[in-house]
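Novice: Dropping the structure in here first, questions after.
The values are calculated or read from the model by the stated rules, or taken from the named source; none is laboratory data. Fair warning: this is a prediction, and the values are worked out from it, not measured in the lab. Positions of Cβ are generated from backbone atoms using ideal geometry, with glycine treated the same way; all protein chains shown enter the neighbour counts. With ligands, DNA and RNA removed, areas are computed over all heavy atoms of the protein, side chains included. Shrake-Rupley method; radii C 1.70, N 1.55, O 1.52, S 1.80 Å.
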Amino acid sequence: MFDELNMLPLMEEDIEFLPLVSVEDDLQGEQFDAENTIPLLPLRNTVLFPGVVIPITVGRERSVKAVKAANNRDKFIGVLAQKDASIEEPTQEDLNQVGTIARIMKMLKMPDGSTTVIIQGRERFKLDEMATEEPFFSGNVTILGQDEDIEDNEFEAMISAIKDFAEQIINLSPSIPSEAAVILKNIDRSPFLLNFISSNLRVSNRDKQALLELGDLKERANWVLKHLHTELQLLELKNQIQSKVRTDIDKQQRDYFLHQQLKTIQNELGEESEEGELAKLKARSKIKKWPEAVAKKFNKEYNRLKRLNPAVPDYSLSLNYIETLLDLPWDMFSIDRFDLVKATKILDKDHYGLETVKKRILEHLAVLKLKGNMRAPILCLVGPPGVGKTSLGRSIATALDRKYIRMSLGGLSDESEIRGHRKTYIGAMPGRIIQSIRKVEVSNPVFILDEIDKIGSNFKGDPSSALLEVLDPEQNSSFYDNYLEIEYDLSKVMFIATANSLASVHPALRDRMEIIQVEGYSLEEKLQIAKKHLVKKQREEHGLKATHVRLNKTVLEKIIDEHTRESGVRELERKIAGVMRSVAKKVAMEEEYDTSIKAKDIDEILGLRKYDKDIYKNENPPGVVVGLAWTQVGGDILFIECSLYKGSGKLSLTGNLGDVMKESATTALSYIRANAAKHQLEEDRFEKTDFHIHVPEGAIPKDGPSAGISMYIALVSALTKRKVKPFVAMTGEITLRGKVLPVGGIKEKVLAANRAGLKEIILSAMNKRDVEKINPDYIKKLRFHYVNDMADAMKVALHN
């Protein structure tokens, strides 16, 4: 079969030579004088035949000198093939004795400094003796003469058959250009046809040399014919086999074949193959410190991966699984910082207040320092939005010098997000717990489970139930992820959950956590947070310098009192950002302004005040009471309004009240009717009067027992026509026996009353311990009345 034909120049020491397509030449013109010595050019990997044109890149020093000498003389050079192509510096014994006289047609100097010559074979010669070996080979030769056509029917038949076989081979071989058939048809002289085909035969250089040395043209034609016939049969058989296999091959085999081609291409491009990638994975496993069960699992999966075809889907699944095992930090832990003084400074610097949380963290750090090893606590920070629960987790991680992970659970409804997916599914992956551990590369980070009270559940499972194992100190040392299929130790992870309310948290999950209440901030705390953190942060975020704007205590208090009403500081931060934007605009437009913001400027920048304390200063008509309520965003103030009109003793309740709150109103009315004499009321009055209790802001749902005392005072005030004292608020549950019971959320309610400018608060005597936990500096303007009975509350609340 023919060698592939191309137009590329080749070095004389190249491994494989591909001759240039040539047109027939009558070889007329200037002839070589055999009486002269001739420079000799050894070729390593090809044999030049008369009439054939080939380009050669000359690289060896003696060869370059020989070419230059021939080109400067008469352009004739003797070309001899080496017997052994591996010899770099051949001698006379390493060269064949029969070669071809060639004429140098073109000599080119390439950009890389090499020399390329285009030579045409002229006639065969025999080397008689070597004249010189330095500086290049030269010798005396005998011309063997040109081959002449033979006028013989048998010879002509052989030539015709050679042409037919050659054309068939060209048509069956996709690697041979179709132009080769045109060249064959244009060759008229039989000797040149044989030389051209001989030069392009896919045979060894030894066979080509034997062809060149054959003097009998008919014998040469017979040899070429036999070889072409054999090649044609092999080519036809190959095409038949390929055609048959092509019809039977399925998609998997086709993908495998393409993958093997891709692997070859990757190797050519210097990219890593699958074998190299697997070798790296194995090397990583040898230096990995992990439990014996994990090593056994890895080896089993690795051996399975080696047997898999890279084209099948299971290959990528298995590869991802192995990489996950290697990436997980099985026995890798960060070193805790046991400097309690420094940890205290970090916590105090990042967060103002929150003393209960800080105390618990420092206690854990102290025990860890003394014992050296203990299970990490599982804390749950419960409080209104914006009080710093989530950011506190990052400060804890910094104080302990641990890695930090935050995982938001809000809206999570798929159990697989916690436990992971089974490997049988396409696209399976570990749960978010394991993914996060893999990302931080240590097994003892501070792990924030944010908004744990907002987990959902549906047909895909209950994530709250899945978290039971994660947050149980007795179980999380052997946490089972469905994807890993082996246990992972989470006992060194410090889990910190955050929630706004525990009402929606699974009872079993709540039982596994240490609950720490994070209460809202007082005016003083907000003022300190704004001065130490928020003003600086917003000034930097708006590209301002300290010289561009100054906010004094009075301005900040005005923003807090009149433009925000929240337990946290998020709204306060937004309002401060509004002030910074106003200043940034003036700085950018190069306007003149007073860098010290005044209190009177705040309403112009932020608009009219949203909250007015004056509504609590005015005396309300009888039947109106100020109550204290707890919401998920902190404490709040609400009015309880009671109205009387002629009727039959019916009680109406409006304001989007819950069942518990409605029952409180019914209890209050029943107690007053049962004790009418104590309240100086006529008993028959209740049968002639209808009662209507309304709580404003009807679009907001309200519920809970803490408004019981407020409803009682509102009913008594309306019935006796006695007004409630101004600046007085109250909260507490009531009973039919006339007792005032304690309620929750006292700090939030008290701080809400303080923010609203109220001065007196009526509470159950058993709530006194809750008030004592509040910083006295925050409530020094408030007066507390602790009562046991509803009658005591009436005496404090109503005018005589």
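Novice: Provide, in order from the shortest bin, the percent of all Cα-Cα pairs of segment 671-800 in each 5 Å bin, continuing until the bin that contains the maximum pair distance.
Specialist: P(r) for segment 671-800, in whole percents per bin: 2, 10, 19, 22, 20, 14, 8, 4, 1, 0, 0.
Novice: Below 8 Å, C-alpha to C-alpha, sequence gap of six or more: please give me the relative contact order for segment 73-200 in percent. Walk me through the intermediate numbers first.
Specialist: Details: 146 pairs, mean separation 18.1, N = 128.
It comes to 14 percent, rounded to a whole number.
Novice: Which entries in the list LYS389/LYS532; LYS358/LYS454; LYS289/LYS492; LYS280/LYS439; LYS678/LYS780 go over 28 Å, if you measure between the two C-alpha atoms of each?
Specialist: From the list (LYS389/LYS532; LYS358/LYS454; LYS289/LYS492; LYS280/LYS439; LYS678/LYS780), the Cα-Cα distance tops 28 Å for LYS678/LYS780.
Novice: Give the lysines whose C-alpha is closer than 19 Å to that of LYS650, dropping any in the same chain fewer than 8 places away, or say none.
Specialist: By straight Cα distance, LYS650 reaches LYS662, LYS688.
Novice: Still on this structure: For the pair ASP339/ASN171, report the inter-label distance in nm, with labels modelled 7 Å from Cα in the Cβ direction.
Specialist: Inter-label distance under the simple model: 8.9 nm.
Novice: Just to compare against my own numbers: the Cα pair-distance distribution for segment 494-601, 5 Å bins, whole % per bin, please.
Specialist: That works out to 2, 10, 20, 17, 13, 10, 8, 7, 5, 4, 2, 1, 0, in percent per bin.
Novice: Let me ask something else about it. Using square roots of five times the C-alpha gyration tensor eigenvalues, list the equivalent-ellipsoid semi-axes of segment 436-550 in whole Å, biggest first.
Specialist: 38, 19, 14
Novice: Hey, what did the chain get for relative contact order, percent, Cα under 8 Å, at least 6 apart?
Specialist: Computed value for the chain: 7 percent relative contact order.
Novice: Work out, step by step, the length gained on full extension between ASN303 and SER491: first 0.36 nm times the residue separation, then minus their alpha carbon distance; give nm to one decimal.
Specialist: 64.5 nm
Novice: Determine the distance separating the Cα centre of segment 179-236 from the Cα centre of segment 44-101; give it in Å without decimals.
Specialist: Measuring centre to centre over Cα atoms gives 22 Å.
Novice: Treat each spin label as a single point 7 Å out from the Cα along the C-beta direction, and report the LYS650 to GLN97 distance in nm.
Specialist: 13.7
Novice: Taking the Cα centre of segment 493-643 as origin, sum charge times position over the Cβ atoms of Lys and Arg (+1) and Asp and Glu (-1), and report the length of that vector in debye to the nearest 20. Walk me through the numbers before you get to the answer.
Specialist: Details: 25 positive and 25 negative charges, 110 e Å.
It comes to approximately 520 debye.
Novice: Moving on to the next point. Can you tell me the accessible area per residue over segment 646-767, all protein chains present, probe 1.4 angstrom, in square angstrom?
Specialist: With the other protein chains kept in place, segment 646-767 gives 42 Å² per residue.
Novice: Which residue, chosen from TYR611, LEU193, PHE338, occupies the Cα position most advanced towards the positive end of the dipole of the chain, where the dipole is computed from +1 (Lys, Arg) and -1 (Asp, Glu) charges on Cβ about the Cα centre?
Specialist: TYR611
Novice: Let me ask something else about it. Can you match P(r) over Cα pairs in 20 Å bins from 0, in percent to one of these, [x] 17, 49, 27, 6, 0; [y] 12, 24, 19, 14, 15, 10, 5, 1; [z] 16, 48, 31, 5, 0, based on a calculation from the structure here?
Specialist: It is the one labelled [y].
Novice: Please name which of LEU556, SER567, ILE448 has its Cα lying farthest along the dipole of segment 429-574 towards the positive end, using unit charges on Cβ (Lys, Arg +1; Asp, Glu -1) and the Cα centre as origin.
Specialist: Comparing the listed Cα positions along the dipole, LEU556 ranks first.
Novice: Given a Förster distance of 22 angstrom, what is the FRET efficiency for ARG360 paired with ASP777, based on the Cβ-Cβ distance and rounded to 0.05?
Specialist: Numbers: r = 23 Å, r/R0 = 1.04.
For ARG360 and ASP777, the calculated efficiency is 0.45.
Novice: Something else about it: With point charges of +1 on the Cβ of Lys and Arg and -1 on the Cβ of Asp and Glu, referenced to the Cα centre of the chain, which listed residue (PRO507, THR654, ALA69) lies farthest in the positive direction of the dipole?
Specialist: THR654
Novice: Now a separate question. Grab the beta carbon distance between ASP789 and GLN528, set R0 = 41 Å, and tell me the FRET efficiency rounded to 0.05.
Specialist: Values: r = 40 Å, r/R0 = 0.97.
According to the calculation, E is roughly 0.55.
Novice: Sorted by mean Cβ packing within 10 Å, highest first, what order do the peptides 98-111, 147-160, 716-729, 681-694 take?
Specialist: Ranking the peptides 98-111, 147-160, 716-729, 681-694 by packing returns 716-729, 98-111, 681-694, 147-160.
Novice: What Kirkwood Rh does segment 551-651 have if only Cα atoms enter the pairwise 1/r average? Answer in Å.
Specialist: Averaging 1/r across every pair of different Cα atoms and inverting gives 16.8 Å.
Novice: So for the pair TYR611, TYR425, with labels modelled 7 Å out along Cα→Cβ, what separation do we get in nm?
Specialist: In this crude label model, TYR611 to TYR425 measures out at 4.6 nm.
Novice: Next up: Using the Kyte-Doolittle scale, which helices in the chain average at least -1.0 and also have C-alpha atoms spread 30 Å or more along the helix axis, with helices defined as whole DSSP H runs?
Specialist: 217-248
Novice: Measuring with a 1.4 Å probe in the full set of protein chains, what accessible area per residue, in whole Å², belongs to segment 41-161?
Specialist: Working: 5240 Å² over 121 residues.
On a per-residue basis, segment 41-161 sits at 43 Å².
Novice: Quick one: 3J(HN,Hα) in Hz for segment 680-692, Karplus 6.51/-1.76/1.60 with θ = phi - 60°, rounded, Gly and Pro as x.
Specialist: After applying 6.51 cos²θ - 1.76 cosθ + 1.60, I find 6, 10, 7, 5, 6, 5, 5, 7, 10, 10, 9, 10, 10 Hz.
Novice: So, with a 1.4 angstrom probe, what is the percent of accessible area on segment 506-577 that is carbon and sulfur?
Specialist: Taking all protein chains in place, segment 506-577 shows 44 percent carbon and sulfur surface.
Novice: Can you compute the charge dipole magnitude of segment 672-782 about its Cα centre, using +1 on each Lys and Arg Cβ and -1 on each Asp and Glu Cβ, nothing else charged? Give it in debye, rounded to the nearest 20. Mind dumping the intermediate values first?
Specialist: Details: 20 positive and 13 negative charges, 98 e Å.
Roughly 460 debye, rounded to the nearest 20.
Novice: To the nearest 20 debye, what is the magnitude of the charge dipole of segment 97-153 about its Cα centre, counting +1 on the Cβ of each Lys and Arg and -1 on the Cβ of each Asp and Glu? Mind dumping the intermediate values first?
Specialist: Numbers: 6 positive and 11 negative charges, 95 e Å.
Computed about the Cα centre, the dipole is about 460 debye.
Novice: Further, regarding this structure: Quick one: length gained pulling ASP149 to ALA503 fully straight, 0.36 nm per residue minus the C-alpha distance?
Specialist: 116.5 nm
Novice: To continue, here is another question. Measure off, as a whole percent, the carbon and sulfur share of the 1.4 Å-probe accessible area of segment 156-215, all protein chains present.
Specialist: Carbon and sulfur: 49 percent of the exposed surface of segment 156-215.
Novice: A further question follows. Ignoring ligands and nucleic acids, what accessible area does TYR786 show with a 1.4 Å probe (Å², nearest 10)?
Specialist: 80
Novice: Explain nothing, just the number: relative contact order of segment 621-746, from Cα pairs under 8 Å at least 6 residues apart, as a whole percent. Intermediate values should be presented prior to the final figure.
Specialist: Numbers: 261 pairs, mean separation 47.5, N = 126.
So the answer I get is 38 percent.
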